[in-house]
Structure formats: C-alpha cells, structure tokens
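In what follows, a structure is listed as structure tokens, so that the remarks can point back to it.
The values are calculated or read from the model by the stated rules, or taken from the named source; none is laboratory data. Only a predicted model underlies this, so the values are computations on that prediction, with no experimental measurement involved. Cβ sites come from the backbone with ideal geometry, for glycine too, and all protein chains shown count toward neighbours.
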C-alpha cells in the first residue's frame, strides 16, 4: 500500500523522476498498453509510407490534395457515423474488435486481390483534357490505391486518436495518467525507428501488408489479455482510482460554430489547430512531389519514406525529453511559440530552395550535389523537425490551455474545437491546393505555384503567431484567477 501511495503521489527522485517514473508493480499494466500503442503506431508509420509511395508513384503528388479533400474527409465522417452506430449497439470491447478486424479484412483483401489485379481494376483517366475533371477522375480510376490511401489515413485517426486513447482514459486514473501518458509516447515512438527500417529493407508491398495484418492480430491479443488478465486485478481497476467515463458531449456543426464564435479563448485554440494542419499540408505535398522526382520508383520512394520514419522517430524521442523540461522550466508562451517558429523558419528555407533553384543550381552542382537532392533533404529536415516539436510541445501546450477553463467550456469547448479545428485543419491545405491547381491556375504544377503557396504559408504562420500571443495572454489571465 505504501508503494501504491507513492506511485499516486509521483514521489520519484534522480534519474528515475526524469526518465522512468513507473513502479515495478505497475509494469503488468503499463507495458502491455505501451506495446499496444507501439503496434498501432508501427502500422500507422508503415501504412503512411506505403500509401504515399503508391499514390505519388502512380498518380503524382498533385493527387494528394484531391484525396485528402474529396476522399479522406468524407470517409472520416462516414467512419464516425458508423462508430456511433456500433457504440450504441455493442460494448466498447466488441466495438474495438470489430474496428480492428475491419482493417485486417481490408489489408487482407488488398494483398490478395486488389493490389495483384490493380491494372485490371483501374481505369485510366489521364487522357481527359479538362484539368479539373482529370484531377477528380484520376483518383477515381485508380481507386485501388485511393482506397489504400484512405484506409491508411483512417487507421491513424481511428486507432491512435480514438480507440487507444479512449481505452487508456477509461482504465487509467487521473493521477496515474500524468506519469503514464508521456511514457506511452516515449516508448511507442520507437515504432517509428522500426517501421523506417522495415520500409527501407522490405521492398515488397505484399510483405508489408502481411506485416500490418500480423500487427493487427497483436493489437487484438494485447487488448484481450489486458481485459481478461490485467484489468480484472483489483490493483488495476479499483473504483476509487479509475475515473468514471463522462457522458460525451456531441455538438453538430452549427452548435460548434456558436461555441467557438462566443468564446475568444476557444477561437484562439481552434486557430492553432487549423494553422498547424494547413501549414504542414502546404509544405508536405510539394515536398513529396520533389522527392518523387528524385526517387521515381515505388521501392525507392518507400525506402525514402522509411528514412523519414527513422529520423522522425529519433527526433520525436529526443524532443520529448527536451520538451518535458521546457514545459517545466519555461512559460506557456515560450513553449507554445517554438512549434510555429520552427515550422516557419524551416518552411521558408524549403520554399526558398524551390523558388530560387535556378539561381542556386550552379552553386550547388559545383559541390557535386544536385539541386533536387538539396530540396528533398531540406524538405525532409523540415518535416522531421516539425513533427518532433508537434508531438512534444504543440500537443502538450494545446491540452494545457484547456485546464483553466470551467467544466462546461472545458468539455463542450474541446468538442467544438475537435469538430471545427480538426476537420478544417486537415482539409484546409488540401482545399487551397486543389483550388490553385484546378480552378484558379488550371494546368499549372505545384512547383510553378511555389511563390503563391509560400505567401499563403507565411500568412498562415502569421495567424498562428497571433493566436499563440492572444491565447498566452488569456491563459495567463485565467490561470491567475
């Protein structure tokens, strides 16, 4: 009992307080949950690298905005509707098994039928004269790869954001979560290192999908084992330790707008979320288009994405250790401004390399390096640093900003931000690029539109800086009260 009280109080000293705030009696619960998250993130990383390589290789980077806007977003809405129906009809455990099995079935179908016969199942619309129609029809004709892209995107939002964290919130006490949650991320992000190695060494799409199916089976097994052999232990399911789930507040689109428009504080938070989603999308799509020129085949591009996962995993683990100390020692404003500042500086360098590549080419080639290689490396560097600070500082400071709010704004406000900010952030960048490519500057390429996209990117970052500054003042005021 004494150890249990210490665990709840978080009485750790020395290196253990900094690196491993977990007691030995908690490992039976902590390690399986950390490994389950690691399996989920491994699949997400492998699928993300594979879906990018397939789409960029067979359709081009210009197809990504169309897929995100017209395919992923509607699919996410349909998934949430289906999830709500399942939740009303079945238990939480049954819903978990159904959703993971659904993904397993699709990956098995893709491996056995869709991918081997994709040439027979696909329709070639590349000869359509209208640029606007072609941008819509090419992903439809290549629906095999489009469906894989959508399922890989859904895996991240469904399994990481929804299924795992809902489970973790249900079975972890509030005090315990302060120690467990950061350590979950610290351990689980090691999956990025493993997945990067897999993408580098395994060039066969069939084998990658088989690995993903096996990891789905691991996830189901760990979840089952936790519920049957761990959470039945009184030490891990005491009613006074586990917070009882609150009734989820559901807001429709109009109600969400009313909540956000009625609160200056929530408006700043939703602006943070939207600015991150739009800015990162504006850079990523153009960067993947350049990387495709340097790595034209599916296997080469997948290997390149493997390197991205390795570097991102390493950076995230490092930034999590650094970010924890920044959050403890520095102000909220300082911690929150690092993410947009990092994205702005690295993004400007990336766009500068593309816009002025003709002027830079003689200088770069004199060193024996191609300008395309420099642009791709700068984009890789930008993506790695952006994801590292996002996972370690952006997410933490955003969640911290809810703490001073009253219970009603904290619950309903967060629901509103998730509806407006989440959807707008994920699809906003794709919508901007889709309009530029297919409506305003028909027939242009992303590289040709780089100056315009760079200006839009800069405006988005200025809005982000404004949001951080405004929210910092409001946060300090509420915290003082």
Selection status of residue 291, within 23 Å of residue 47 (Cβ to Cβ), in a helix (DSSP H, G or I), in the same structural domain as residue 475 (by TED's automatic domain parsing) and more than 18 Å from the chain's Cα centre (by Cα): yes
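Restricting to the range 430-465, what's the tally of residues that are within 30 Å of residue 405 (Cα to Cα) and touching a residue at least 12 places away in the same chain (Cβ under 8 Å)? Step through it out loud before you land on a result.
First pass over the range 430-465, keeping only residues within 30 Å of residue 405 (Cα to Cα): 459-465.
Applying the additional criterion that residues be touching a residue at least 12 places away in the same chain (Cβ under 8 Å) yields 460-461, 463-465.
Qualifying residue count, the range 430-465: 5.
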Residue match in the range 402-415 (condition: at pLDDT 75 or above and buried (at least 20 other Cβ atoms within 10 Å of the Cβ)): no
Test: residue in the range 85-94 that is in a loop (DSSP other than H, G, I, E, B), surrounded by fewer than 18 Cβ atoms within 10 Å (Cβ to Cβ) and in the same structural domain as residue 187 (by TED's automatic domain parsing): yes
Conditions (1) at pLDDT 90 or above; (2) buried (at least 17 other Cβ atoms within 10 Å of the Cβ); (3) more than 21 Å from the chain's Cα centre (by Cα); number of the one not met by residue 385: (3)
Tally of residues being part of a loop (DSSP other than H, G, I, E, B) and either at pLDDT 85 or above or closer than 15 Å to residue 338 by Cα (or both) across the range 448-481: 2
